[in-house]
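The values are calculated or read from the model by the stated rules, or taken from the named source; none is laboratory data. Worth saying up front: this structure is predicted, and the values here are computed from it rather than measured. Each accessible area value is taken on the protein alone, full model and side chains, heavy atoms only, with ligands, DNA and RNA left out. Shrake-Rupley method; radii C 1.70, N 1.55, O 1.52, S 1.80 Å.
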Amino acid sequence: MGALTVFDGHDSIGGTKMLLTDGATRLLLDFGTNYRRMGQYYEEFVKPRPSRGLVDYLALGLLPPLRGFYREDLFPQQDFPHKDEEWDGVPPDAVLVTHGHLDHAGAVGFLRPELPVVMTPMTLALLRSWQETATGGPETEVTYLTRREAKDPRLLKSSENRETRVIWSLGDAPDPFVERLRESPYANPKRGSFEPRDPCPAPLRVGSIGLDARPVDHSVYGGVAYILDLDGSRVAYSGDLRFHGEHGSDTEALMRRLEDRNPDVLVVEGTRLGSSPEEPLGPSPSEATVKGRSLSKVREYEGRLVVADFGPRNVERLKTFREVAQETGRQLVLVPKDAHILDLLSRVDPAIPHDMDPGGMRILREPTLQSRAPLQRIEERYSDAFLDPEDIAATPGNWILCFSFFDANDLVDLRKATPGGLWLYSSSEAHGEEQEFDFVRLQAWTQWARMKVVGFRLERDREGTLRPRFDHPEDRGYHASGHAPERDLVELVRRANPHRLIPIHTETPRAYDRLLQGTRIQVVHPVPGVPISL
Ligand SMILES: [Zn+2]
């Protein structure tokens, strides 16, 4: 008898953590950070205490109380802090990661190192780039880890002891990527450097569960959905997906596969489910819309600086702005951290733009000391591509600067380049008050830099609070969502035609009850920690 237990992510966008069991075989499905729950307690200056390892996370319910799942070196004392509420006690056999977003994989770093992590090479490259440049704690330790040691019964400190994780790669990792990982300064000579080639046990089977990993279209490359064959039942898990991006045909193929294989249970995302029938969602802008809108806007700013605000992990968006730059006689300028991401990703897929040289993409020299070895290597490897802020100020109309809010502090050095320029916001809408406030700060930065903003605007609500809005006709069309709109999700579900549907990754899971009325599909709303038998 199989069972599926949802621990987190059933009523939030992200933080997905599920356990699928079939007899003695046990698989985690994603293990992401729940940013909403984290934001209830923490912010920039109040964070989980690194010296306390897992204690703060478990005490606040930010991680589920699962005995035997977590790294033992992250407990200052050996005792588990929540014996009374313990939900499970047998370590899983593997964790299946759908894609490289942190709300799906951002808590994998807390799991035991010998627990195999199953993912595509592209997802591994994304998570590796995060680990190499983030200033986070153990949660970033997805591909290798630094052991913590208890200095006294309550305090943990980093040791010299590094350990690699076991990665089961879905598909072969190309040689340039393997070589890139070998040159890591973090590889522990005692244990040998990290090899991403440990094959997923052929033919893709862990214990009694058969894995069918199918590529999907999403706002990062390398995403998959899983169709899982248990003894006597079939479960499919969508991960995050959409049909309207560059790889939409992959999601179409998944839909046909689901139609053929007809899962008993479908666990499906619902990010963009409308909260009520009275609030229909607008049409989904495609990447082509984003390009068209951005191109004509950038043309209005001839001779002046343009900042494109998006995350370069979204390679599709990077390609869009690269085309916009080419068609307007400009060049893209990246921050070193983003050059590092592209350097890694292009070793998995050489078609990903990585021509960081005087004629291609340029890199902004940030006046900070790059103490991190991977960023130092970017300076060495692509030294010809680097530009100083003064170079940008001399010819502001030659560039599209790829920034996000987190790079806004670099505007101080670009003050001579920015007046009269454009800040083009090309990323997702704000989720929650914390993020809303970032837009208030972003507005302050752009006003200080004397730049025009398109893609969002601030308006006062009835209480007089400034809130960002994204739906003004002049701001629409500069971003294409990574998620399928409601009508596409319903189409996918109807075609898959499962007996039971379990909503995940949504703030409005009940919308599926309404949308599937009149079908034989039963919507099951999970209770965290309570197994649903299959
Ligand atoms: Zn995602």
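Data overview
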{"item": "Rounded to 5, the percent of DSSP beta bridges in the stretch 287-469 classed as antiparallel", "result": "20"}
{"item": "Relative contact order computed over the stretch 287-469 (Cα-Cα under 8 Å; 6+ residues apart), in percent", "result": "27"}
{"item": "Degrees, to the nearest 10: 287-299 long Cα axis against longest axis of the chain", "result": "20"}
{"item": "√(5λ) per eigenvalue of the Cα gyration tensor, the stretch 287-469, largest first, Å", "result": "26, 18, 17"}
{"item": "Per-residue SASA entry for LYS337, accessible area with 1.4 Å probe, Å² rounded to 10", "result": "80"}
{"item": "Probe 1.4 Å, protein heavy atoms only - accessible area per residue of the stretch 287-469 in square angstrom", "result": "45"}
{"item": "In order through the stretch 396-409: 3J(HN,Hα) via Karplus (6.51 cos²θ - 1.76 cosθ + 1.60), integer Hz, x for Gly, Pro", "result": "x, x, 8, 10, 10, 8, 8, 10, 10, 3, 5, 9, 4, 5"}
{"item": "Debye intensity ratio in log₁₀ form over the Cα atoms of the stretch 451-534, taken at each q of 0.11, 0.12, 0.26 Å⁻¹", "result": "-0.53, -0.60, -1.29"}
{"item": "Largest-first ordering by accessible area, 1.4 Å probe, given options TRP130, TRP423, TRP445", "result": "TRP445, TRP130, TRP423"}
{"item": "Carbon/sulfur fraction of accessible area - the chain, other protein chains in place, 1.4 Å, %", "result": "48"}
{"item": "Percent antiparallel among DSSP beta bridges (both partners in the chain, rounded to 5)", "result": "50"}
{"item": "In degrees, nearest ten, helix 486-496 long axis to first principal axis of the chain (Cα)", "result": "40"}
{"item": "Residue-level accessible surface for ARG299, protein heavy atoms, 1.4 Å, Å²", "result": "130"}
{"item": "With 20 Å bins from 0: P(r) over the chain, alpha-carbon pairs, percent", "result": "21, 55, 23, 0"}
{"item": "Angle in degrees between helix 121-133 and the longest Cα principal axis of the chain, rounded to the nearest 10", "result": "60"}
{"item": "Accessible area (Å², 1.4 Å probe, nearest 10) - GLU43", "result": "80"}
{"item": "Value at 222 nm in deg cm²/dmol, rounded to 500, when DSSP H runs of n ≥ 4 in the chain each add -39,500 (n - 2.57)", "result": "-7500 deg cm²/dmol"}
{"item": "Given LYS337/LYS416; LYS47/LYS319; LYS291/LYS337, the pairs whose alpha carbons are separated by over 26 Å", "result": "LYS47/LYS319"}
{"item": "Under Karplus coefficients 6.51, -1.76 and 1.60, residue-wise ³J(HN,Hα) of the stretch 311-320 in Hz, glycine/proline x", "result": "x, x, 4, 7, 5, 4, 5, 4, 4, 4"}
